[in-house]
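Have a look at the structure below, then the notes.
The values are calculated or read from the model by the stated rules, or taken from the named source; none is laboratory data. No experiment lies behind these values; they were computed from the predicted model shown. Ideal geometry is used to build each Cβ from the backbone, glycine not excepted, and the neighbour counts take in all protein chains shown.
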């Protein structure tokens, strides 16, 4: 039996892991990029909005920044009826804050054009240290992600990682790129001990057509027989994750579970 490497896990410095056509973008000028103190791939991530007060709403063109909206430790934030796009690493990051995202569009997150580098996540909630991308054993991350449209992401739609993280993910529409041979996408992920609720989400079109044994894995060079797959909902060594009434279509695997 082939061993399966779920090319999808984005946290702790590890990667184990119907085409959406957006409406024309706003002509608003891209925002200035602010350093966040949060590092990924040895790069200090910049954000179009850094720990913003009040409610983020309206159009946010994050082109040229690594992150659209960033919330750091201890920050409470709200995003409502926003249209966020253009960042190459993350649309929204909640790192040890308490953030609610509702009724928003988050799309076109990744490189231009999309490629196989393992970043480009629309929504990322994780209890991470700032500089090592490792799960922080003493921190916590919380929030609600409800009623959003998430699409045209390079690597993942909604990713929830680390044991200090507890997030409610409900009634979102998460749409991948369809059949692609350059990256194994995932729609919604709970990994590395993260807990929460996944209910009523519509997850579709995450499908990797590449050949077995292509790309990186945590141990280095791929051994023979490893196979990469995409999933709609990925539960990788999760905490207490309750799931119900999710709808799937067009995914390579609808539900992937790794205890």
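Below, the figures for the structure above:
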quantity: Some residue of the stretch 60-67 being modelled with pLDDT under 95, out of contact with any strand residue (DSSP E or B) (no Cβ under 8 Å at 6 or more places or on another chain) and either within 18 Å of residue 141 (Cα to Cα) or not in a strand (DSSP E or B) (or both); calculated: no
quantity: Hits in the stretch 86-106 (condition: surrounded by fewer than 23 Cβ atoms within 10 Å (Cβ to Cβ) and in a strand (DSSP E or B)); calculated: 98, 100, 102, 105
quantity: Residue within the stretch 144-154 that is at pLDDT 95 or above, surrounded by fewer than 18 Cβ atoms within 10 Å (Cβ to Cβ) and part of a loop (DSSP other than H, G, I, E, B) present; calculated: yes
quantity: Any chance residue 73 is assigned to a loop (DSSP other than H, G, I, E, B) and more than 19 Å from residue 46 (Cβ to Cβ); calculated: no
quantity: Subset of the stretch 176-204 (residues that are surrounded by fewer than 24 Cβ atoms within 10 Å (Cβ to Cβ) and within 25 Å of residue 115 (Cα to Cα)); calculated: 177, 178, 179, 180, 181, 182, 202, 204
quantity: Selection count, the stretch 216-244, where residues are at pLDDT 50 or above and assigned to a loop (DSSP other than H, G, I, E, B); calculated: 6
quantity: Flag if residue 137 is out of contact with any strand residue (DSSP E or B) (no Cβ under 9 Å at 6 or more places or on another chain) and either under 18 Å from residue 162 (Cβ atoms) or surrounded by fewer than 20 Cβ atoms within 10 Å (Cβ to Cβ) (or both); calculated: yes
quantity: Residue in the stretch 187-203 that is modelled with pLDDT under 95 and out of contact with any strand residue (DSSP E or B) (no Cβ under 7 Å at 6 or more places or on another chain) present; calculated: no
quantity: Every residue from the stretch 155-175 that is at positive phi and crowded, with 24+ Cβ neighbours inside 10 Å; calculated: 162
quantity: Filter result (touching a strand residue (DSSP E or B) at 6+ places or on another chain (Cβ under 6 Å), surrounded by fewer than 19 Cβ atoms within 10 Å (Cβ to Cβ) and either part of a strand (DSSP E or B) or at pLDDT 95 or above (or both)) within the stretch 108-132; calculated: 130
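Let's see how each residue does on (1) out of contact with any strand residue (DSSP E or B) (no Cβ under 6 Å at 6 or more places or on another chain); (2) closer than 18 Å to residue 133 by Cα:
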| site | (1), (2) |
| --- | --- |
| 43 | yes, yes |
| 53 | yes, no |
| 71 | no, yes |
| 75 | yes, no |
| 91 | no, yes |
